[in-house]
Amino acid sequence: MAVSVDEAVSTGPARDRTPPARRFGGRGRSVLEVALLTALAVVMLFPVLWMIETSIKENRDVYAVPAEFFGFTVTMDHFKDVFVAPDGGRSDLSVAFLNSAVVAGVSTLLATVLGVPAAWAYSRFAVRAKKDQLFFILSTRFMPPVVVVIPIFLMYRQLGLIDSKLGLILIYTAFNVPFTIWMMKGFVDEVPAEYEDAAMLDGYTRLQAFWRYTLPLLVPGIAATAVFALIFSWNEFVFAIFLTSSDDVRTAPPAIAGLIGGTTTDWGLVAAASVVFALPVLVFAYLVRKHLIAGVTLGAVRR
Amino acid sequence: MADIEVKALHKRYPDGTVAVDHVDLSIGDGELFVMLGPSGCGKTTTLRAIAGLERQTTGDIRIGDTLVNDLPPAERDIAMVFQFYALYPHLKTRDNLAFPLRAEGLPKAEVRERVAEAARLMRLGPLLDRRPRQLSGGEQQRVALARALVRRPRAFLMDEPLTNLDAELRADMRTEIKHLQGELGATMVYVTHDQVEAMSLGHRIAILNKGRVEQIGTPLEVYDRPASLFCAAFIGSPPMNLIEVEVADGKLRGQGGLVLTPPPGLPRDRHLVAGVRPEALEVTEPGAEDSVPARVVSVEWLGDEIIYVVDHGGQRDVRVRMPPTVRFAADARVGLRHTGGTPVVYDVSTEELVA
């Protein structure tokens with residue numbers, strides 16, 4: 001992927017010397033561009049918009065034919081239902097959200113704590129068969145996770161990890177560590193090893209040098225990597241639905257999916273739960289957007 | 001200050017690459033010792049082993065009277081200057097300088113005094129309150145040098161400190177380092193791949209190749225009598241002409257008719273190569289006395305001198321350095337004459353100097 005970005009960067013300026021609007025006949029083209037982009041934006045954003053609308057409509061408006069885009073009565077009932085059970089206690093969904101937060105948070109933390117030092121070691125030290133090891137680590141991400149669901153399920157049953165948050169945390173960590181190692185290795189490579197050398201000559205041990213000098217310079221990279229790991233764990237559905245069953249362990253994705261089906265589906269509740277579910281990662285991604293861009297364009301620019 | 005002794009150093013990485021095969025060095029107290037060689041010759045690894053940043057596989061390193069094999073870098077009492085400066089980006093110049101002293105736990109007053117002294121030596125006064133990214137490359141390297149100075153270490157290790165600077169600045173810094181080293185009487189081990197830097201700085205130069213020392217000597221020794229064919233081809237720009245010769249009638253005769261005075265003590269029955277510096281040859285009018293007929297292949301006008309590449313019927317074209325006043329066009333018929341003294345002679349099979 002880095003290669004294609006490289007090419008795009010290096011050949012771009014040469015090709016694009018003429019202003020874009022003039023290349024193939026001026027206004028017509030730019031109108032077409034805008035129209036196409038608008039169409040695309042509508043296609044991409046409509047479901048999101050519809051989800052938000054549904055979440056604030058009353059049930060009768062949800063089923064109204066023809067559908068009402070404007071002028072429906074706004075209600076927050078569905079959002080209340082997401083968090084509060086009909087009997088006034090905590091709803092199953094709110095428990096699921098809490099579970100999601102715990103599972104995603106802890107697994108991201110674990111993956112970072114394990115992956116960052118590993119990435120540092122792979123970047124700094126001469127390790128026997130380093131390339132093969134790194135390839136092996138990456139290879140665990142080659143297959144679709146669903147392939148290993150059955151073996152994992154059987155193993156977990158033996159170990160008593162079925163239907164436990166710990167089980168989910170472990171499996172998400174296992175999926176996030178390779179990703180963290182690979183992404184962080186790129187960031188560590190960018191930090192000159194001389195900082196650590198100099199610190200070691202100044203009287204620090206290697207670990208202190210890493211802790212005090214390299215680590216602070218890695219914070220943007222760690223933030224970007226952690227957000228990616230967090231999004232993966234937060235959104236993960238397959239393992240969550242196979243490995244958990246009870247309401248007090250289930251994470252949000254299977255819990256929301258569980259609302260659909262049965263005799264009737266409360267679409268307003270589904271929509272409201274989805275909005276609540278989508279918000280945290282959106283906010284997170286927005287907060288660290290600069291680092292995310294640094295993360296995905298890493299290696300595109302050579303020094 | 002202290003002397004440094006490296007004995008039978010060998011460094012092999014876990015993946016099997018041998019970075020340093022066998023290196024013996026004996027660096028005197030107060031000496032500016034340069035390690036020179038192409039990339040991958042083991043010079044930086046040797047330096048890092050002296051610093052303690054790499055652990056040698058076998059061999060001993062002694063700094064002063066201390067065997068430092070098992071000491072961590074911090075306890076070896078040395079300072080190092082890196083190619084990429086390695087200034088802490090979040091610290092001002094002043095704090096970058098004070099950093100190693102604070103790490104040692106010196107009292108504040110002494111820290112201030114030593115920082116001031118180093119700043120004066122490297123003329124950093126106006127830069128003390130800036131951060132590294134507000135400094136130019138040359139300024140950063142001066143700060144890095146000053147940071148090495150404040151420690152008052154037993155030896156300085158320099159890892160290609162000038163490589164990232166532009167040519168003009170490099171020349172200035174070269175002078176500055178040489179001056180500083182002389183003033184402090186510091187033991188300095190200086191690694192570079194730039195022969196001009198090595199020749200102009202070093203009291204002695206060690207030429208490394210493939211993890212082994214090819215030659216150790218003063219700049220003049222290294223230039224006049226390269227110890228091996230590798231050194232002959234490495235030192236000098238353009239490098240020495242290597243002309244295959246045979247001994248006949250008490251003379252060295254190359255193909256193409258060039259005749260050289262043989263050095264005394266030349267062994268018999270060996271395949272020999274004579275090393276002739278470009279300035280030991282002369283391009284003349286065709287038919288001049290003692291000259292062999294030749295043809296100018298190409299001409300490099302360098303302003304202060306002209307390098308002629310000349311074909312005289314030998315196996316290889318030779319390069320000749322001439323003053324800019326002597327002008328021949330490319331393809332001109334000329335004469336080629338040897339004007340230097342006795343050349344150095346190498347054995348082709350051992351690649352070593354024989355006389």
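What follows is calculated from the coordinates using simple rules that are stated; it is not laboratory data. Note that the coordinates shown come from a computational prediction; the quantities given were computed from them, not determined experimentally. FYI the Cβ positions are ideal-geometry reconstructions off the backbone, even for glycines, and counts take in every protein chain you see.
What number comes out for the charge environment of residue B:260, summing +1 per Lys or Arg and -1 per Asp or Glu over other residues with Cβ under 10 Å away?
Within the 10 Å Cβ shell, the charges total +2.
Once R0 is set to 35 Å, what does the formula 1/(1 + (r/R0)^6) return for the Cβ-Cβ distance between residue B:271 and residue B:304, expressed as a FRET efficiency to the nearest 0.05?
It comes to 0.40.
Report the FRET efficiency, 1/(1 + (r/R0)^6), for residue A:147 and residue A:68, where r is their Cβ-Cβ distance and R0 is 60 Å, rounded to 0.05.
My answer for the efficiency is 0.85.
Once label points are set 7 Å from the Cα along Cα→Cβ at both residue A:49 and residue B:95, what is their separation, rounded to one decimal in nm?
Inter-label distance under the simple model: 5.1 nm.
Return the calculated 222 nm mean residue ellipticity for chain A, to the nearest 500 deg cm²/dmol, obtained by summing -39500 (n - 2.57) across DSSP H runs with n ≥ 4 and dividing by the residue count.
Roughly -22500 deg cm²/dmol at 222 nm, from the helical runs in chain A.
In the stretch A:120-176, what trypsin sites (Lys or Arg not before Pro) fall in a loop by DSSP, with at most 16 other Cβ atoms inside 10 Å?
A:128, A:141
Among all helices in chain A defined by DSSP H, which have a length of 20 Å or more along the axis from Cα atoms plus a Kyte-Doolittle mean of at least 0.0?
Membrane-span-like by this criterion, though nothing is claimed about a membrane: A:26-55, A:92-124, A:165-190, A:215-235, A:267-287.
Where a ≥ b ≥ c are the square roots of the eigenvalues of the C-alpha gyration tensor, would you call chain A rounded, which needs a/c under 1.5, or, failing that, prolate if a/b is larger than b/c, or oblate?
oblate
Sticking with the crude label model, points 7 Å out along Cα→Cβ, report the distance from residue B:102 to residue B:333 in nm, one decimal please.
7.8 nm
Contour minus end-to-end for residue A:32 and residue A:59, with contour as 0.36 nm per residue of separation and end-to-end as the Cα-Cα distance?
Here the segment from residue A:32 to residue A:59 would lengthen by 5.8 nm.
For every other residue with a beta carbon closer than 14 angstrom to the beta carbon of residue B:174, add +1 if it is Lys or Arg and -1 if Asp or Glu, then tell me the sum.
-4
Counting only complete DSSP H runs, which helices of chain B cover 24 Å or more along their long axis at the Cα atoms and score a mean Kyte-Doolittle of -1.0 or above?
B:167-184
What lysines could a cross-link reach from residue B:11, if we take a straight Cα to Cα line under 26 Å and drop same-chain neighbours fewer than 8 places away?
A:130, A:131, A:185, B:43, B:210
Per DSSP H run of at least 4 residues, take -39500 (n - 2.57); add these up for chain B, divide by its residues and hand me the 222 nm value, nearest 500 deg cm²/dmol.
So the helix-based figure for chain B works out to -7500 deg cm²/dmol.
Quick one: length gained pulling residue A:290 to residue A:80 fully straight, 0.36 nm per residue minus the C-alpha distance?
Computed gain between residue A:290 and residue A:80 is 72.2 nm.
How much length, in nm to one decimal, is gained on full extension between residue B:116 and residue B:71, taken as 0.36 nm per residue of separation minus their Cα-Cα distance?
Answer, rounded to one decimal: 13.2 nm.
How far is it, in nm, from the label point at residue B:166 to the one at residue A:246 when both lie 7 Å from their Cα along the line to the Cβ?
7.2 nm
In what sequence do B:92, B:108, B:11 fall when counting other Cβ within 10 Å, fewest first?
Sorted ascending by nearby Cβ count, the order is B:108, B:92, B:11.
Would you mind counting up the charge near residue A:247? Only other residues with Cβ under 13 Å from its Cβ, with Lys and Arg at +1 and Asp and Glu at -1.
Net charge in that neighbourhood comes out at 0.
How would you rank B:144-155, B:128-139, highest first, on the average number of other Cβ atoms within 10 Å across their residues?
B:144-155, B:128-139
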